[in-house]
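The values are calculated or read from the model by the stated rules, or taken from the named source; none is laboratory data. Just so we're clear, the structure is a prediction, and the values are computed from it rather than from any experiment. Note that we place each Cβ from the backbone using ideal geometry, even for glycine, and neighbour counts take in every protein chain shown.
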Amino acid sequence: MSHAPRSPAARVCVLTPEGRGAIAVVRVWGPQAVDVASRAFRPVQGVSLAESTPGRLRFGRVGADLGDEVVAVVVNASPPEVEIHCHGGSAALALVVSALEHEGAERRQPVAWIRHTSRSAVAAEADVDLMRAQTTHTAEMLLEQAQGAFESEIQSCLEQLETDPRFCVESVESWLRRAEVGLRLVSGWRVVLSGRPNVGKSRLLNALAGYERAIVAPTPGTTRDIVTVRTALEGWPVELADTAGLRSSDDLIEASGIALARARQEEADLILLVLDRSEPLTDSDRRLIASSERALIVANKCDFPAAWDAAQTKALTVSAERGAGIEALGAAIARRLVPDPPPPGAGVPFRPRHVRQLRLALQALEASDPSAAGQALRELLAPLPDRTPRSPNSR
């Protein structure tokens, strides 16, 4: 006879990101969370943690031998939840988690806690992605989804599914447009700097990044591998890639770098075609302009006398050396990447799963099948079961 898996008496996870930090936050929850944490916690003075009033901070130690100094608090008595703040070093954190596991807690990944506390799958996924957000702007958008922006719009659509199907079609189409931004809130956009050798691509990458990331040298062909840097432009996360200068070369290493550059361009969301405004346009420049219709053209070295009119190519003029025009270029890149950002507070799909369900809903609506559309939308909101595997560090 098969038996349902036993629910652990308590679960424990580390809520703070991995790596060195001053403080780490450990969360314990489950039917016996308070009892498990109380057995592991040794108060400096006073009653045990299990006898503490919820919300009262307690100072003590957790861990074998001397253990680590911690602050513990019973967050809730029902449902039982405990939070422990310890030193952020890996050794101290391992000491605390090991003590809790010894008393019966099973270690889980942070997503398990998020699923436990979230109202729906969308809210849980937003909480997970919020921990990975690279900029304040994208974090704010994900926080709005965690707080119910997308969820409430879906509910509104479901309520009007039978009476106003046109409203639902327009809603789903709007969400799918917003998804073009939502799917990049964590991963960001990829921008590749392209052009002939020695036009200043590496220096421009450094200027946009705000620090010296790429090696700058007057010798053509200095950049042979792809140099990348993550930055933010107008609040949007962007990966900039400096690539080998495009030209014919008999040097096998440089030719390999040029092949990598062309491959990276195929994957890019935007290409910055960098030209040298201080030198007359070459045949190679003109071929690159003709083959890069969707590129943003940048006329670099505007601190030198102009050898051609940037207006003829609709190029933005900058000086990577002096910093002139860099702020305007950053804004122009952001506008090209995100021409129509979602308004504040709008529901924004941000996972491929959301897009798949929305497309199913739209197909059903176009086929005049509101029942199937409703099912596709409701699946976005269904609570996620706690099937999160144990941490690989758990015993």
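Per-structure values
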{"item": "Only one of ARG132, ARG108 that is under 30 Å from GLY182 (Cα atoms), touching a strand residue (DSSP E or B) at 6+ places or on another chain (Cβ under 9 Å) and charged (D, E, K, R)", "result": "ARG108"}
{"item": "Residue satisfying all of: in segment 347-368; among the small types (Gly, Ala, Ser) and farther than 12 Å from ARG177 by Cα; surrounded by the most Cβ atoms within 10 Å (Cβ to Cβ) among these", "result": "ALA361"}
{"item": "Neighbours by Cβ (under 9 Å, 6+ apart or cross-chain): first from segment 308-321, closer than 25 Å to GLY210 by Cα; second among the aromatic types (Phe, Trp, Tyr)", "result": "SER319/PHE304"}
{"item": "Tally, over segment 99-127, of residues that are assigned to a helix (DSSP H, G or I), surrounded by fewer than 19 Cβ atoms within 10 Å (Cβ to Cβ) and at pLDDT 80 or above", "result": "1"}
{"item": "When residues of segment 279-307 are limited to those that are polar (S, T, N, Q) and surrounded by fewer than 17 Cβ atoms within 10 Å (Cβ to Cβ), the one nearest to LEU208 (Cα to Cα)", "result": "SER292"}
{"item": "Spans of strands (runs of 3 or more DSSP E) in segment 12-91 with at least 3 residues touching a residue at least 60 places away in the same chain (Cβ under 8 Å) and either in contact with a Phe, Trp or Tyr (Cβ under 8 Å, 6 or more places away or on another chain) or closer than 21 Å to VAL128 by Cα (or both)", "result": "23-29"}
{"item": "Complete set of residues in segment 185-217 that are farther than 18 Å from ALA315 by Cα, among the β-branched types (Val, Ile, Thr) and either buried (at least 23 other Cβ atoms within 10 Å of the Cβ) or modelled with pLDDT of 90 or more (or both)", "result": "VAL186"}
{"item": "The one condition in (1) within 28 Å of the chain's Cα centre (by Cα); (2) within 30 Å of GLY67 (Cβ to Cβ); (3) surrounded by fewer than 21 Cβ atoms within 10 Å (Cβ to Cβ) that GLN155 fails to fulfil", "result": "(2)"}
{"item": "Candidate set from segment 271-303 (those that are part of a loop (DSSP other than H, G, I, E, B) and of a type outside the set (D, E, K, R)); member that is nearest to the chain's Cα centre (by Cα)", "result": "ALA295"}
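Residues checked against (1) at pLDDT 85 or above; (2) touching a helix residue (DSSP H, G or I) at 6+ places or on another chain (Cβ under 8 Å); (3) outside the structural domain of TRP29 (by TED's automatic domain parsing); (4) not hydroxyl-bearing (Ser, Thr, Tyr):
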site: LEU49; (1), (2), (3), (4): yes, yes, no, yes
site: ALA94; (1), (2), (3), (4): yes, no, no, yes
site: GLN134; (1), (2), (3), (4): yes, no, yes, yes
site: LEU143; (1), (2), (3), (4): yes, yes, yes, yes
site: ALA149; (1), (2), (3), (4): yes, no, yes, yes
